[in-house]
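None of the figures in this text is laboratory data; all of them are computed from the coordinates on show. Everything quoted here is computed from the prediction, not taken from an experiment. All Cβ positions, glycine included, derive from the backbone under ideal geometry; neighbour counts span all protein chains shown.
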Amino acid sequence: MTEDLSFGKWLRQRRRMLDLSQQALADQATCARITLSRIEADTLKPSKELALLLLEKVGIPQNERDQWVRFARGLSGLPSQESQPYPRNNLPASLTTFIGREKEQAEIINLTRKYRLITLTGPGGVGKTRLSIKVGEQALGDYANGVWLAELASLNNPALLPLTILALFGIAVQSNTSHSEILSNFLRPKTILLILDNCEHLLEACAQLADTLLKNCPNLKILATSRESLGITGEAVYSVPSLDLPDLDQLLENFREYESVSLFEERAQLAKLDFSLTLENASSVAQICQRLDGIPLAIELAAAHVNMLSTEQIAARLNESFNLLTGGSRTALPRQQTIRTSIDWSWNLLTDSERSVLCCLSVFAGGWILESAEFVCSENGIEKNQVAELLSYLVAKSLVVANQASGRERRYHLLETIRQYADEKLGESRKKETIRTRHLKYFLKVSEEIEPGLIGPHQVDWFARTDDEVHNLRAALGWAIQTDVEAGLYIASRLWLFWIRFNILEGTHLLSEFLQKPESRAYARARAKALYVQGEILYLLQQFDAGHTCAMECLELFRVCGDQQGEADGLLLLGWVSPNVPERVKPNQQALALARSLGDTRRQARALWQLGWYDQHKLRFAYWEEAIALYRQLEDWRVLASILGAMGSFLVLDGNTESAKKYLDESSMLFHQLNTSSGKGFLLEAYFQIAMMQGDYEQARTHMQEDMTTAKATGNRMGYLWSRARLGYLALWEGNLAEARSILADVIGDFQKDKYEIGIAFTLERIANLNVLTSSPERAARLIGFADATREKINDMRWRVEQDYVDRDIAVIVAKIGNTAFEKAYEEGHEMTLDEAVALALGEN
């Protein structure tokens, strides 16, 4: 019963709904985690000041917080559910006022309550996107898991459609599972409204995905916008009408009640601040709205010209344009012709230079900055220094939209209808291939700047820049696959840190496309670089054999090129992915020697980091201390934060929690400053282990769930499976044996499939502990024997804390069956094959 819900329980539910850990919320509210833990356990009432902070951070509106503070202080019951914060969403804030459409909003919301798929259809410019977002805003309260917008206008590859939607939710991307299946599994228990915007150029892909999701996710609803319907069973099609139009004889005092007129006046005031409706211009404004059939984009384009033309002149010129198109007929045109004619009219008012720039801008995907426009558009007699002025003219005429994010360089974009029109004109000019090649050339140069930027002292800014340009980079890669494989190899490989942080599977998909091209073999250095990055990604996907193949060819090609830095990279990759773990030491040592001879600090640091993994425990810390010093010198804060977290994590496992603290504190501070969770796994593992030792299982679970969420979002299979294995371990400690058995069985199967020996050994040790708890001591002894044999083989022995846990299990086993029986079972396990050990763990023999 909600009326019995305490503030502590409510806060815990709200925190989890917002995907906040206890530590994250505590940090935001500037209180200790233990304080928040006590509040959620209902053993502490927050002060008024702390309650206000907590309520702010979980989304309670300011004007409602007083009643919630009373609830938090135990002075009243749970406030009305109407005061609950809105669910999460990614709907963009509007830059201009939304005019009218109350009737349409109500009708569409009513349809969403009756049907599960609604498609808003209509010509470009009729306002489908704005209307869908407005409906999403109005319907937020109906969807417990939010309203999510997938903007598809800049997406040209249908194969990337599921990945685009996966990115909205941060869902696991595993190489052996279809993306649609992953998305279905995630959405199945959720109550969500998904908006698919601009489906017309991906119609078949959108229809197939929508059909799959709706069949598998009973609480999902989809609102699509498209110039034509998706054409699948159960679809309700809503044709978006134009704005209502004025009666030409209407008196001025009622004139503004018409949506088309109201829109014209507001947009005209953006172009000319003192514009207003008067008795003198009312008739011409009515003619404009009538002639443009009330289509919002057409009206906005016309209104943008009031700073140059009177409304009477605009109306007259529009009539001329339409008469020209129809041979003088006054018959109303179909709306698709109307919007095209309105854009034609704006096009005809442009100078030749403005037209040329507008055409060139159509090659950009997801927007652009001034520098990129200057490079791409400075051709055909237009100088680089002219582009800024011409761009400002196009903004003033509402053909280009300018956005200014706080503290960021101004970006520009085209509305999709305008972009398609300009793209058509570019095609007619027969310069499209030339301009797309200039676009590719520019983003090839940008990728060259991005690569060092992502590992330098300003990497936060460079990750943001890369995120801004990801659609353009995809577009450049799309053109490169057709025309310039060498450029594509370079761009895809230079983005490797971006792929690893945001979407591993997209990176490996693009790299594979280029590497599989026969002509890629003609570009030895570019191919070698792409193979290096592909190998790094395959390691994280636990595809070790394929990664080793990449490493061998990569190393050979760099040596053929005489590229010694590349040779060091090839050796480092080989030292990461060699199937036989003991054989990984030698290439890392060779890489270190080569990097030192070259005076290459970065590659020295990387070699030391890797060597620390494959040497004795105490030497590991010595290697890593040296690597830490070098990464400080390089100011590569992301890698430094990760290594500091690793140092702290292994010191904890070595029983030196106090020594670990300084490393963990600095790692945590750096990740906070970087505002990223990428590479944070070691830090979270350390916090997990500390929480386990302290018996704080709730906090331990929070840390591992955060780690697993990040791994899922980026497609890091290795990180995902390790965090799952630790959650299985946690379930053992909590006494949830059925949950532990289920998790560990899944994980051991995946590790076996990948032939990942240390993962198998670790998980089998946890399953051995499960067998101790369920009175199967002989089986536990055999599993420990196999785990010991595996660790000896790969030279990865347990740390002190891990060994203590295993010793404890051995003591229980010996107490139950005696030392002789234990040794016999242990030796049997020592001699088992991997498949035999996994079968034993799963109870198959």
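Structural remarks
- Here the translational diffusion coefficient of segment 432-565 follows from Stokes-Einstein with Rh set to the Kirkwood radius across Cα pairs; for 4 °C and 1.567 mPa s it amounts to 86 µm²/s.
- The alpha-carbon of Lys661 sits under 25 angstrom from the alpha-carbons of these lysines, leaving out residues fewer than 8 places away in its chain: Lys618, Lys680.
- Counting only lysines at least 8 places from Lys215 when in the same chain, those with an alpha carbon closer than 21 Å to its own are Lys114, Lys190.
- Gain on full stretching of the segment that runs from Leu309 to Glu49 - 0.36 nm per residue minus C-alpha separation: 87.9 nm
- Förster-model FRET efficiency, 22 Å R0, Val581 and Leu619, C-beta, rounded to 0.05: 0.90
- GluC sites (Glu not before Pro) within segment 737-845: DSSP coil, no more than 16 neighbouring Cβ in 10 Å: Glu831, Glu844
- For segment 41-51, Karplus couplings with θ = phi - 60° (6.51, -1.76, 1.60), whole Hz, Gly/Pro x: 7, 6, 9, 8, 8, x, 5, 4, 5, 5, 4
- Å³ per residue enclosed by the Cα convex hull of segment 497-568: 80
- As computed over segment 102-239, the Cα convex hull volume per residue (Å³): 99
- Full-stretch length increase - Ala236, Asn385 - with 0.36 nm per residue and alpha-carbon distance subtracted: 48.6 nm
- Inter-site label distance for Glu228 and Asn348 at 7 Å from Cα along Cβ, in nm: 3.0
- If R0 is 35 Å, the Cβ-Cβ spacing of Val806 and Asp665 corresponds to a FRET efficiency of close to 0.70.
- Spherically averaged projected area in nm², based on the convex hull that wraps the Cα atoms of segment 635-766: 8.1
- For Arg411, distant residues with modelled amide H under 5 Å away: Asn403, Ala405
- DSSP-defined antiparallel bridges as percent of all bridges, the chain, nearest 5: 15
- Over segment 445-513, relative contact order from alpha-carbon pairs under 8 Å, at least 6 apart, %: 34
- Between 0 and 90°, nearest 10: helix 737-754 axis offset from the chain longest Cα axis: 80
- Each of Ala821 and Gln269 was given a label point 7 Å from its Cα along the Cα-to-Cβ line. The distance between the two points is 8.8 nm.
- Cross-link partners of Lys445 among lysines (Cα-Cα below 21 Å; sequence separation of 8 or more within a chain): Lys384, Lys432, Lys529
- The chain - Cys residues lacking any other Cys C-beta under 4.7 Å: Cys31, Cys217, Cys289, Cys359, Cys550, Cys554, Cys561
- Here the ratio of the Cα radius of gyration of the chain to 2.2 N^0.38 Å is 1.09.
- Theoretical FRET efficiency, 1/(1+(r/R0)^6), r = Cβ-Cβ of Lys793 and Leu773, R0 45 Å, to 0.05: 0.95
- The chain: relative contact order in percent, alpha carbon pairs under 8 Å with at least 6 residues between: 7
- With kT/(6 pi eta Rh) evaluated at 37 °C and eta = 0.692 mPa s, and Rh the Kirkwood radius from Cα pairs, segment 585-711 diffuses with a coefficient of 218 µm²/s according to Stokes-Einstein.
- Legend: translational diffusion of segment 712-804 by Stokes-Einstein, Rh = Kirkwood radius over C-alpha pairs, 10 °C, 1.306 mPa s; D = 118 µm²/s.
- In order along segment 792-809, the phi-based Karplus estimate (6.51 cos²θ - 1.76 cosθ + 1.60, θ = phi - 60°) of 3J(HN,Hα) comes to 5, 4, 9, 6, 10, 7, 5, 7, 4, 5, 5, 5, 4, 5, 5, 4, 5, 5 Hz; Gly and Pro are listed as x.
- Percent RCO, i.e. relative contact order, over segment 102-239, from Cα pairs under 8 Å lying at least 6 residues apart: 39
- Amide H contacts of Ile222 (H built 1.01 Å from N, under 5 Å, at least 5 apart or other chain): Leu117, Ile118, Leu194
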